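Reading through the structure tokens given below for one structure.
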Amino acid sequence: MTRSLLLAGAAALALFSGAPGALAQSDPAALQLIERLRPQAGGQTRGIRVPGASEGTTQPTTPSQPPAAVAGPGAPTVSPGATSSSRPTQAVVRPPVRETTSDAPSASITVMFATGSAVLTPEAERALAPLGRALSSQDLSAFRFRIEGHTDTVGDAGSNQALSERRAAAVREYLINKFGVNPGRLEAVGLGETQLLVPTPDGTSNARNRRVQVVNIGS
């Protein structure tokens, strides 16, 4: 009897410590992300945004509020309700961004970075944990995702572009190292301050603009 209990305990421990994807089924936030990031029959949008929401929570958008259109190479678009910075245009070199359709399943997650930093805070890791469980689940195992980094308007456009790239890379590495997501399924890009979630003047610190956008880019 004692040996049976020990074996059962070991199996349970293995399930919860060695298979992050399995935990998605008991995590409401992860399940919501799975539903939003999984393509829907008929190509309907499943994009979500959680500006100012509690960490790890999600909310579905209405049909009149699709997710931010994904930028094509060289000309990222502005998210609905957001405006680009009024700062004079500067030449910023960006990595090529794989083009996707405007109804690509996506999610926007507020990630708590300190101003000017790409280091994930404990709050950031808690906000990203449901995403890690969702991406490591069998439901999304067939898909690849783009991790897009965004900044607020503190600093110049060139510095913010580089900072957003570092933030996207930090999130990608966290998902790979913590949740075992296959590196080949994740690509990281930075969009700087070009797609503000909350329109602000130059030089404005706003935590909601320091975020990541996750986009399903297909299989």
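Overview of results
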| read-out | value |
| --- | --- |
| The stretch 202-211 - phi-based ³J(HN,Hα) in whole Hz, Karplus 6.51/-1.76/1.60, Gly and Pro as x | 4, x, 9, 7, 9, 4, 5, 7, 8, 9 |
| Footprinting exposure proxy for Ser117, Ser26 (fewest neighbouring C-beta atoms within 10 Å first) | Ser26, Ser117 |
| Anisotropy class of the stretch 116-193 from Cα gyration tensor, a/c 1.5 cut | prolate |
| Under the Karplus curve 6.51 cos²θ - 1.76 cosθ + 1.60, θ = phi - 60°, whole-Hz ³J(HN,Hα) for the stretch 148-154, x wherever Gly or Pro sits | 9, x, 10, 10, 8, 9, 6 |
| For Ala188, residues with placed amide H under 5 Å, excluding near neighbours | Ile147 |
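FYI, it's all coordinate maths here, none of it is from the lab. Note that the coordinates shown come from a computational prediction; the quantities given were computed from them, not determined experimentally. Every residue, glycine as well, gets a Cβ built from its backbone with ideal geometry; the counts of neighbours run over all protein chains shown.
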